[in-house]
1. Taking the Cα centre of the chain as origin and charging only Cβ (+1 Lys, Arg; -1 Asp, Glu), how large is the dipole, in debye to the nearest 20?
2. Restrict the search to segment 32-93; then list the trypsin sites (Lys or Arg not before Pro) that DSSP places in a loop and that have at most 13 other Cβ atoms within 10 Å of their Cβ.
3. If I ignore ligands, DNA and RNA and count only protein heavy atoms, how much of residue 35 is accessible to a 1.4 Å probe, in Å² to the nearest 10?
4. Divide by every residue of the chain the summed helix terms, -39500 (n - 2.57) for each DSSP H run of at least 4, and state the resulting mean residue ellipticity at 222 nm, rounded to the nearest 500 deg cm²/dmol.
5. Taking every pair of distinct Cα atoms and averaging 1/r, then inverting, what Kirkwood hydrodynamic radius in Å comes out for the chain?
6. Classify segment 131-185 as rounded, prolate or oblate from the Cα gyration tensor: take a ≥ b ≥ c as the square roots of its eigenvalues, call it rounded if a/c is under 1.5, otherwise prolate when a/b beats b/c and oblate if not.
7. Helix 18-27 versus the longest principal axis of the chain: what angle, 0 to 90°, nearest 10, using Cα atoms?
8. Beyond 20 Å, what share of the Cα-Cα pairs of segment 7-77 remains, rounded to the nearest whole percent?
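The values are calculated or read from the model by the stated rules, or taken from the named source; none is laboratory data. Keep in mind it's a predicted model, so treat the numbers as computed, not measured. Backbone-built Cβ (ideal geometry, glycine too); neighbour counts: all protein chains shown. Side chains are part of the model used for accessible areas, which takes the heavy atoms of the whole protein and leaves out ligands, DNA and RNA. Shrake-Rupley method; radii C 1.70, N 1.55, O 1.52, S 1.80 Å.
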Amino acid sequence: MAVLFPEGLDQLRAAGEATRLRTLALLSEGDLTVSELTRVLEQSQPRVSRHLRVLVDAGLIEPYQEGSWRFYRLADIDPWLTSFLASLSGEECDADAAAFEAIRQDRAAKAAEFFAQNAEHWDALRQLHIDDCLIEEAMLDVVPSRFDRLLDLGTGTGRMLALFADRYKEGLGLDVSPEMLAIARVKLDEAEVRHASVRRRDFSRLEEISENTADVVCLHHVLHFLGEPSRAIAAAARALVPGGLALIADFAPHALEDLRERYAHRRLGFSEDEIGSYASACGMTLANVTTLNPETSGGLISKIWLLEKASGQKPVEKVSTFA
């Protein structure tokens, strides 16, 4: 992408300040709220907000609002700046990275605490949002009748492993909550699903996901709990074989902010453009979208997105089974 001289100069001026450069480097790792940026940068909120405004005006970052939470993300910047941000190093960069990791751990701890407290009732809680039967039928409609390996990210009670059990040869479910995994094992035993297993693993850490292992990756009602949903989709892309499919079930954008407090939802739904953007960034295309409207007004609209990994991508590592 060519850089227009006046625009490029304005962006250089905007980025050419220590706090703003740190902010760009942080947002290159994931979206953050103003309060999270204030925590990492150790500066007052008014001061951080002024720096953010400069970066927004220069077209380097983009704000978006979800209820009362305002997030910032890196804009579609030129590759030279992306490369430059990736090359930054030093004690301050290390400290910022450690602070960002602490925020990730806090997010994960809050979600894990909620899951632990509600593990036995998780299936029932999901049904307060939408009829799972409709979602499951729609998911079955778009997935091949036979394939080798299924990877279920954020497996929860293992429901997806049971749902698709007669379609795959080998299944693996990953989750960070030992309480949820304990229930998943019980449910898989009850359903006599012997060709699937579950493991405790943080799939937001891409290095924990083996490449080229799955024909289908499932993310069922997972993304809205995540601070960085793009990382989950990147994990799916990493795990898929070329031509493989990622199946995502979640909510369309909504304004039910009380779900954050009641059920630990971090994101209030996703638009088709947002999911498509996440997919494109990691070599996948949006192949199909299914919309399921609620029976009552004001309810949550559910979406089924089917993403396809480019068949021409050469796998880095080829394995015969899940690692």
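1. Dipole magnitude for the chain comes out near 320 debye.
2. Details: sites: 39, 47, 50, 53, 70, 73; in loops: none.
Here no trypsin sites (Lys or Arg not before Pro) fit, given the DSSP loop and packing criteria.
3. Solvent-accessible area, nearest 10 Å²: 70 Å².
4. Calculated from helices alone, the mean residue ellipticity at 222 nm is -13000 deg cm²/dmol.
5. Numbers: mean 1/r = 0.0478 Å⁻¹.
About 20.9 Å, per the Kirkwood formula over Cα pairs.
6. Oblate is the answer for segment 131-185, as a/c is 1.5 or above yet b/c matches or exceeds a/b.
7. Compared with the principal axis, the helix lies near 20 degrees.
8. Values: 478 of 2485 pairs.
For segment 7-77, the fraction of Cα-Cα distances above 20 Å is 19 percent.
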